[in-house]
1. Treating each Cα of the protein assembly as shown as an identical point scatterer and ignoring solvent, apply the Debye formula and state log10 I(q)/I(0) at q = 0.07, 0.09, 0.11 Å⁻¹.
2. Hey, in the GNM for chain B with a 10 angstrom Cα cutoff, which one of B:64, B:39, B:97 fluctuates hardest?
3. Based on the Cβ-Cβ distance of residue A:167 and residue B:26, what FRET efficiency does E = 1/(1 + (r/R0)^6) give at R0 = 60 Å, to the nearest 0.05?
4. Hey, how many Å between the Cα centroid of region A:378-411 and the Cα centroid of region A:41-120?
5. Helix A:388-407 against the longest principal axis of chain A: what's the angle in degrees, Cα atoms only, rounded to the nearest 10?
6. Thinking of region A:243-392 as a set of Cα atoms, what percent of all their pairs are more than 24 Å apart?
7. Which value in deg cm²/dmol, rounded to the nearest 500, describes the helix-derived mean residue ellipticity at 222 nm for chain A, given -39,500 (n - 2.57) per DSSP H run of n ≥ 4 and division by the residue count?
8. Going out from 0 in 5 Å bins, what whole percent of all Cα-Cα distances in region A:249-299 drops into each bin?
């Protein structure tokens, strides 16, 4: 129960007026960017990173965590009222949620989404508080080869599980690893991949890359696709929540929590797969399956609880191992690194108060979000009426400002343009962005672990697999690569092709959803 | 020479459409219904969706008028589209709905109706929604 005691200490630290203010600012901004399609927490945190250099670390991290949770809430509002998912995590919500809104039950859909998010977020945050110290106990005993194996597992999982094409996933990962390794070789001190450009010898600032890929790439992509038929905002009607709605919602909320939390904790691309699983399991378990497709409240309650639980789940590997499982988690790691803090097993020892303040502020932020979203959903939806050129002009300005502020060097602005162009090309050719950012952040560390392990074993490759833990992880990696082939062969024999089934191809707004799935993977 | 009406799915738009139907009938002329959006925002409540479009068609079919609906996303704003269409077709009349506004509200908010009133070559009939 040391977790709970530490959490109480964290709670008292989080309840200072300044910390509360930053938590509030985070959830406010998070809700706004969650509502807006195409702008997600990863982009927002990347843009804010250079602006928060002067903030104390607690307040910056509290704000970013609030942003992450807030994005999950805001996305549901757009899904329900517009039938266009605001975030990749809210794709499934749009299916039933918008039907409910059109049938005059928008208020009930919004409240089951908000309350479900609150319930799931709270339970999952407590799970995080209980589970994280246990994971740390294991993680602290891991050696260099084990860490290398875990990181390779993250690489493979994030590229193979998500997205339509593994080759595109690996291409994106390769780009990320390449950018991450530019600069001076940490062991020998030689320059690598710098092409004789002096400014590259220090490596490329990851903040610049994150801003370029998320903000610049997305802005260019939107600019190229500006004229789309706009959707109508469905007016909010009906009663907020009847007794029947509640009795139909609470089980999906709890099931969603159970599905979402573990999926968030493994590098499987964030909330898309668990929300999809939650949706289909609710459809199977529902007493009124005929309502599905016509606005079943379970279909909103389940996935919305799931996405918040998975956000909390993704904080487990982030805080205990320093492994990002989603784009937003990756940018959060960046945030820690800009303060010279490396998330990992030692984080809980070295920065205990910081971590527990963060977790406590998540609980507080969750309560704030409920109050912020439930009565004001209609107001948030008004954000969708802002012409996108204004929004993206602002984003581009902040992106350039941030990239310049990172090091005060004009060269970074050229890098921003170049990598932003790369981000645009990746969206154009369907390369997922998440593997790039995960590769970028983990590659330099994976390299250090590999080099150290090899130095100890005197260059023998056996030094990489000399522990039981690493052997198990490599077997899992092999399974992850091989299993889909076997699976598709078995399935191909049994059933004829039945059309696309999967989280990336639900009904309406699928195109849109895929675009954002690529961008965020939150 | 047609009558052109700028239609939006609000009570002002409704009033404008009713007035335009009456005008077109008494003049015995064609009716051109314009509903447009720049598509710049993710959502635009003045752009009719497929359901409303079908309802609009059914209503105009029932009126027995010779009509045409222009419903498209275009980079020009709706006022420009209406004024240009009026010039091209040498329209007799443009009908638009206007919101009730105070002088201050007028100052603060840009208005498509105002643009049509100022730029159109032909007579413009401005209709308010019934109170």
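Since every read-out is calculated from the coordinates, none of them should be taken as a lab result. Keep in mind that what you see is a predicted model, and the values were worked out from it rather than measured. Neighbour counts run over all protein chains shown; Cβ positions are idealised from the backbone, glycine included.
1. -0.50, -0.78, -1.08
2. So, out of B:64, B:39, B:97, the one fluctuating most is B:64.
3. Approximately 0.35, to the nearest 0.05.
4. 19 Å
5. On a 0 to 90 degree scale, this one is about 20.
6. Beyond 24 Å sits 47 percent of the P(r) for region A:243-392.
7. -23000 deg cm²/dmol
8. 4, 23, 29, 21, 13, 7, 3
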